[in-house]
1. Only counting other Cβ atoms within 10 Å, I'd like His44, His68 sorted with the fewest neighbours first.
2. Return the long-range amide H neighbours of Ile119 (sequence gap of 5 or more, or a different chain), with a cut-off of under 5 Å between placed amide H atoms.
3. Net charge near His156, counting Lys/Arg +1 and Asp/Glu -1 over other residues with Cβ under 10 Å of its Cβ?
4. Going by amide H atoms built from the backbone, whose H comes under 5 Å of the H on Lys94, apart from near neighbours?
5. Per-residue HN-Hα couplings for the stretch 75-80, Karplus 6.51 cos²θ - 1.76 cosθ + 1.60 at θ = phi - 60°, whole Hz, x for Gly and Pro?
6. Would you order Met76, Met150 from fewest to most other beta-carbon atoms within 10 Å of each residue's own beta-carbon?
Amino acid sequence: MEQNYQHNKLTKMQLDDATQNDEYLNSFPPGVRFFPSDEELLQHYLKNKVLNQPIFPNIIQEVNLYQHHPLELTGMYKPLTETEWYFFTCRDRKHSKGCRPNRATPRGFWKQSGVEKPIPLDSEDAIGYKKWLIFYEKENEQVKRTDWKMHEYRIHDTISSPNKESAGNWLKVDGWVLCRIFKKKEKNNEEETETFNPEVKDHDSIFDDYFSLTAENNFPYQKNNDCFDDLEEFDLKFFCK
């Protein structure tokens, strides 16, 4: 009974938020749309969220993004534009001693595409970073690339961590990020179906093993952005039969 009550309460809160969001968006003059730039998303939304400052009206919902297939998630919430959904979510570690975020969902996973892009504010230092991700469906031993895309924004460590000693802790992946989800069919995009090989480690596991080894042996190491960016560009087929 208590569980049902909590579920109903949560549903009512979500409905109230949705009603407030609709009223706010419908109050815009004709021709005005919610269409924030990368800088605006980082400066006025994610930064305030990370620093626990008010965001009014809070039209970006908090969700556990990795508990849902994007088709399910976008069916639960209305888009803020005709084709885009915006969410705040937290990232968990893939392994307790690892440095990679867990991007798995019950029916697939998100995979980064390309390199992380710094987003400067007023031509100054980066206020945050933007990643491109693509959703892959997994069924039995088959992995299929989909048309679901995501932009993931994270705030710069010096802003999200007031403690200067921990500001450079790039291993932390449990803070808030802002995600823009949309569906876009690529040109000449043929359906890609691959066979998953569980015996072959993916690149996240390879890096987790490396940093576990360096920690155990007190090896000095330093983050190398180029190394990480190159690693993210490995094609999925490299790890599949």
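1. On the way: His44 12, His68 16.
In increasing order of surrounding Cβ atoms, one gets His44, His68.
2. Ile127, Gly128, Tyr129, Lys130
3. Details: positive: Lys47, Arg154; negative: Asp125, Asp157.
Local charge sum for His156: 0.
4. Arg100, Asn102
5. Using θ = phi - 60°, the values come out as x, 8, 10, 7, x, 7 Hz.
6. Numbers: Met76 12, Met150 21.
Least to most surrounded, the residues fall as Met76, Met150.
A short reminder: the numbers here are calculations on the coordinates, not readings from a lab. This is a predicted model, so every value here is computed, not measured. No Cβ is skipped: glycine too gets one built from the backbone with ideal geometry, and neighbour counts run over all protein chains shown.
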